[in-house]
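Q: Handing you this structure, nothing more for now.
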Amino acid sequence: MTRLPLIVANWKMNTSLADAYLLANGVRNALHHLEHTEMVLCPPSVWLGLLAEHSVPPRQYSTLKLGAQNMHAAPAGSYTGEISPAMVREVAEYVIVGHSERVRYGRETVEQSNAKLHAALAHGLTPILCVGEPRKSKDSVRQVVQHLGHLVKGLSNAELREVVVAYEPVWAIGTGDPATPEYAQEVAWVLKQHLPAETRLLYGGSVEPGIAAGFLASPQIDGLLVGGASVNLKKFLTICQHADDTVVSARTATYRHPR
Ligand code: PEP
């Protein structure tokens, strides 16, 4: 069976509540054109409960899901301003772990990301784990593989199958300087040698509608993590439509008329 491409929208610290409803309702209303694509919207956490209640009820729509942009690893406690895995689980199915902006601005360590990964899985959340090298270099692939190894420490193969890995070269995030699909495919191929076959692998970094199809055409890349372009409904839906089209054209290409 063909696996559905996965398109994740990371709204970061953007949107008013009105914008959030417009975006989420806009995606929900386009679902009938996007039957072959799974979409995860990751709004700021203050909007999660409201969107879960009014726009994207958890699990009601099979292909549209909600995710958190971050969470704490501890089950509860005196962590002012944080949200726990169980809180996220009440309103969402996914959580982004180890995003480079958490590392850069929140000083998140690899050990903390690893703890969040374990906590997400223990609470039935699907983690979207970000890995990527800080700078373009000849040594990039080795750095990314090493980064992945540290992040997934202690996970069983069965747990790794549940993780979505997002290859996000840090130099490509929010810079308008995306990796080429060829480069992303090469790194994705190497990463996949270190992961179970079932683990989904996304590319993220300055994806815009005009370049999305190039990544989605790669057999190593199962979807995209989209930041800036995901808070523009038209752009986001165009990217999702590209994902849907890749499934439809793959099915058409393999279809043989019964004689
Ligand atoms: C991201 O936030 O993970 C991201 C890839 O952002 P952008 O698409 O804006 O580069």
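The values are calculated or read from the model by the stated rules, or taken from the named source; none is laboratory data. Source: prediction; values computed, not measured. Virtual Cβ from ideal backbone geometry, glycine too; neighbours counted across all protein chains shown. Quick note on the areas: whole protein, heavy atoms, side chains included, nothing else; ligands and nucleic acids left out. Shrake-Rupley method; radii C 1.70, N 1.55, O 1.52, S 1.80 Å.
Q: Please specify each residue of the range 113-143 satisfying the condition of being within 20 Å of Leu225 (Cβ to Cβ) and over 18 Å from the mean Cα position of the chain (by Cα).
A: Within the range 113-143, Pro134, Arg135, Lys136, Ser140, Val141, Gln143 qualify.
Q: Considering Val40, Val97, which residue is in contact with a helix residue (DSSP H, G or I) (Cβ under 8 Å, 6 or more places away or on another chain), closer than 26 Å to Leu216 by Cβ and within 16 Å of the ligand (Cβ to nearest atom)?
A: The conditions single out Val97.
Q: Turning to a different aspect of this structure: Specify the residue that is surrounded by the most Cβ atoms within 10 Å (Cβ to Cβ); the eligible residues are those in the range 192-224 that are part of a strand (DSSP E or B) and in contact (Cβ under 8 Å) with a residue 40 or more places away in the chain.
A: Checked the range 192-224; the qualifying residue surrounded by the most Cβ atoms within 10 Å (Cβ to Cβ) is Gly223.
Q: Determine which single condition Val103 fails, assuming it passes every other condition in (1) within 15 Å of the ligand (Cβ to nearest atom); (2) touching a residue at least 12 places away in the same chain (Cβ under 8 Å); (3) out of contact with any Gly (no Cβ under 7 Å at 6 or more places or on another chain).
A: Among (1) within 15 Å of the ligand (Cβ to nearest atom); (2) touching a residue at least 12 places away in the same chain (Cβ under 8 Å); (3) out of contact with any Gly (no Cβ under 7 Å at 6 or more places or on another chain), the lone unmet condition for Val103 is (2).
Q: Among the residues of the range 173-219, write down those that are over 21 Å from Val145 (Cβ atoms) and either among the β-branched types (Val, Ile, Thr) or more than 15 Å from the ligand (Cβ to nearest atom) (or both).
A: Result: Thr175, Val207, Ile211, Ala213, Ala217.
Q: Right, another one. Is it fair to say Glu111 is at pLDDT 95 or above, within 16 Å of the ligand (Cβ to nearest atom) and open to solvent by 10 Å² or more (accessible area, probe 1.4 Å)?
A: When the stated conditions are applied, Glu111 does not pass them.
Q: Can you spot a residue in the range 158-181 that is surrounded by 18 or more Cβ atoms within 10 Å (Cβ to Cβ), farther than 20 Å from Pro5 by Cα and small (Gly, Ala, Ser)?
A: Scanning the range 158-181, I find at least one residue that is surrounded by 18 or more Cβ atoms within 10 Å (Cβ to Cβ), farther than 20 Å from Pro5 by Cα and small (Gly, Ala, Ser), so the answer is yes.
Q: If you don't mind, another one. From the list Ala76, Ala92, Ala68, Ala9, which one is open to solvent by 60 Å² or more (accessible area, probe 1.4 Å), in contact with a helix residue (DSSP H, G or I) (Cβ under 8 Å, 6 or more places away or on another chain) and closer than 30 Å to His150 by Cβ?
A: Of the residues listed, the single one that is open to solvent by 60 Å² or more (accessible area, probe 1.4 Å), in contact with a helix residue (DSSP H, G or I) (Cβ under 8 Å, 6 or more places away or on another chain) and closer than 30 Å to His150 by Cβ is Ala76.
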